[in-house]
Every structure is written in C-alpha cells, then in structure tokens.
Amino acid sequence: MSSVDYMEEGQGAAAGGQRAKARSIPRITVQAFCENEHTAEAVANASADRRLAKSHVTVQMGGARAANSFYQTAPTPNLIIIESLSEREQMLADLDHLAQSCDAGTKVLVIGAVNDVVLYRSLMQRGVSEYLVAPLQPAQIIESIGNLYEDPSAEPAGEVIAFVGAKGGSGSSTICHNTAWAMSKITSTNVVITDFDLPFGTAGLDFDQDPVQGLADALTAPDRLDEVLLERLLTKCSDNLSLFAAPSTLDHVYDLSEKQCATVVDVVRSNLPHAFMDIPHMWTGWSRQMLIHADDIVITATPDLASLRNTKNLIDLIQKERNNDDPPHIVLNQVNVPKRPEISLADFNKSLGMEVGVVMDFNPQLFGTAANNGQMIQEFEPRSRASEQFDELASKIARITSGKTESGSTFSKLLGKLNRK
C-alpha cells in the first residue's frame, strides 16, 4: 500500500484498560468496515467521544471485502478501519486488493483476531498504519487514531486537571493550589495553576504573589498567546511551579467565551506538562467546556445535602459526556466540624455510587494560618496529615503507584525482545 503511511515496528495494539489520552483529533473522515458486532459498537462509541467531535465517522459491516467493493466507485477517506477475521494469507490478499483503490494520504488501521508477529510485520511492510487485536474498547480506538494524527515534531501535550467545587466555599481553590504544589515536588516537572476566577481568584494571595500581568491579559487577545508571551505572563512560585494569576479586581466585567478559554488552555497544555485549572463555582458555557475536555477532574465537596446533590449532578454529567475517561476524583473537605450535623462518608459514597478518594478533616488553625502567611500546607506544616493527603491526591492524578507500571502491547514487548536479539 504505497499510498498508506508507515509506522515504526513495536507500535502495535494498545493494551486494554488504559484510558485514551485527551488529545484533540483533527477534522478527518473515518470509514470503518467491521465483521464483529462488538467491534462495530466500540467504533461507534469512540466516534461519539469528545476527542473525535471534529471528525466524521461511519461504520459498516462486511470487513475487507465490503471495503473493496465500496471503494471501486468511491474515493477513500483520511482513515479506513478494516476488521478482518480471515487467516493471514487471505487478510493480506484482501489488503493488497484494497491498496489498488487507496488514494494518496489515506491511512489504514487493521483490526484482527490474533497476536501474530509475522502478520504484524507483513502489515507494516505493506504500509498499514496500525494493527489492533480484538476485542477492543473505545478508548483503545481513540488512542490509536490520535497517535496516527499526532504531529511527531510537536512536543507532547501536557495534561489539564480541572478543579471545581460542588458548591461555593467548599475549598476547591485551596485543594487545587496545594495539590499543584505537591505535584511539582513529587514529579519534579513544571506545573502551572491557571486561576479562572478572574474577579475573586485567591491564587495570588495563597502564594503571596501580586503579579501585574496574568490570565486576563491572555484572554483579552488569545490569538496572540504563544510560548514567548505565556512565559512573560506566568509568575514563578518555585522552581517547578508557576502561576497564571487572575487580576482579582472589579475594574472590568469578565464575560468569557468558550473559544477564548479553549485557545488559552491549548497554549498552556502545549508548553507545560501539568496545567491545573482552578474553575470558579459557576455554570457557563466555558466552565462546562473546561470540565468536559479536561484530562482529569477533581470535585471538592463538603458533607452536607446541597454539596451531595451537586456532586451527584456533576458526576452524572461527566459520566454521560466522558464515558471513555476515568471517573473524577472526589475530595470530601471540611469533615468533622464540631457540633455540625454531617452526612457520613458511607452515606456519601452510597449516594454517589462511587468512592470518595480523599477525606480532609476540618482544621481551621492549620489551613487558616497557612493561607494568611501565603504558604502551602507542605511549606507550613510538612508533617501534617493534610500534607500527606495532598501528596496522595497528586500521586493519583500523576498515576504514580508503588509498583512499576508496564506499558505497551503484547506486540511491542515481543518485537522488543526480537529486536534486541
């Protein structure tokens, strides 16, 4: 398939159970020809994912033979997905036939039923872009398509973590800022806090900073924002932590658009490994968009009825719009306030249908003094239980575990061994 782009050896089927990276896939046309109903359903589910919102995906049954018949009279799209359950020789013959109809620039992703290194190499030699082994989950399909259309010369996209409070006063900003601090220490990578509460944001106060420029300047002219301007607008808080501060004044009315926010977030994520988005407790088009399109979401709640209701509503929306993503992290904050009736952790978990990840005890002396000093908890009291919990939350977001995480597919591991030999 001379018209089909080549992939390097060792980049075969994605391992199951991994979440799809939140990479935006460009406006492409994808046509899938499946043999198995489960595969067709997985492709259809993937097509509804937020990362494929710009793409046009169609799914048909019939596999390689249906594709060959279809493209006798129709031009080929940007990407063809072919599922073939045939034996090796028949599959290769069908793909050789398909190559005669492929237009220049068309990529082909093949789905098969067996882990066969000889078959994999034969497919790569023919210019097949990727080979996946069924059964597949939608996240694997999204990940594979994203890999095919990722600019190899571009820097890896950073992760966006959105923090939102279930209600006002839940402490979401405090959780965001302290977790970002912990993340910068644990990973030793650059982290930025972007404070989207433009009139009332507290990030500057929490870090004892009073920047002249910040996020509002970027949002005023988002098309001008690039790596150089971003660096000038950021305020350095430590070696690995920067602040994209809110003006925190009432001189202007800040009516943000979805496009403004999306442009700024894209520039930030393309220049920094971890972008923590401190989203105020409001419900607008741009705040909803930022939640839906984030890589990770942290919801901060308090143990009361209004917070429980709002958290449940947020989870229901997130599960509906992000069914190929990990569930949000839930922080239950300000727990065990003296003489205050509270919903128990067990009842909170039961009502949500999922487990709260972190429970933060009410400690006004610790948090209040640190805030008044312009310090993070780990600066003020590094051996406190709260300090440990921020490390735990940062580790969960960074997916750091005690055991070594294995990556790559069966094909990748097999080919790696063969190449070493």
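Couple of notes before you dig in:
- Single match in Val108, Val59 (criterion: modelled with pLDDT of 90 or more, within 30 Å of Ala262 (Cβ to Cβ) and not in a helix (DSSP H, G or I)): Val59
- Any chance Ser242 is outside any helix (DSSP H, G or I), in the same structural domain as Gly201 (by TED's automatic domain parsing) and crowded, with 20+ Cβ neighbours inside 10 Å: yes
- Selection status of Leu52, among the hydrophobic types (A, V, I, L, M, F, W, C), modelled with pLDDT of 90 or more and under 24 Å from the mean Cα position of the chain (by Cα): no
- So Arg19, is it touching a Lys or Arg at 6+ places or on another chain (Cβ under 7 Å) and either modelled with pLDDT of 85 or more or at negative phi (or both): no
- Residue in the stretch 79-99 that is part of a loop (DSSP other than H, G, I, E, B), of a type in the set (A, V, I, L, M) and under 35 Å from the mean Cα position of the chain (by Cα) present: yes
- Residue match in the stretch 174-194 (condition: crowded, with 24+ Cβ neighbours inside 10 Å, at pLDDT below 95, assigned to a loop (DSSP other than H, G, I, E, B) and in contact with a strand residue (DSSP E or B) (Cβ under 7 Å, 6 or more places away or on another chain)): no
- Subset tally (residues that are outside any loop (DSSP other than H, G, I, E, B) and touching a strand residue (DSSP E or B) at 6+ places or on another chain (Cβ under 9 Å)) for the stretch 293-338: 21
- Of all residues assigned to the stretch 32-42, at least one qualifies as being at pLDDT 90 or above, polar (S, T, N, Q), assigned to a loop (DSSP other than H, G, I, E, B) and assigned by TED's automatic domain parsing to the domain that holds Val108.
- Being assigned to a loop (DSSP other than H, G, I, E, B), acidic (Asp, Glu) and surrounded by fewer than 14 Cβ atoms within 10 Å (Cβ to Cβ) is a property that holds for Glu355.
- Against the list (1) surrounded by fewer than 18 Cβ atoms within 10 Å (Cβ to Cβ); (2) over 15 Å from Ile141 (Cα atoms); (3) touching a helix residue (DSSP H, G or I) at 6+ places or on another chain (Cβ under 7 Å), the condition Phe70 fails is (3).
- Residue within the stretch 219-230 that is at pLDDT below 95 and either on the phi > 0 side of the Ramachandran plot or surrounded by 24 or more Cβ atoms within 10 Å (Cβ to Cβ) (or both) present: no
The values are calculated or read from the model by the stated rules, or taken from the named source; none is laboratory data. Owing to the predicted nature of the structure, the values given are computational and were not obtained by experimental measurement. Counting neighbours? That spans all protein chains shown, and the Cβs are built from the backbone with ideal geometry, glycine included.
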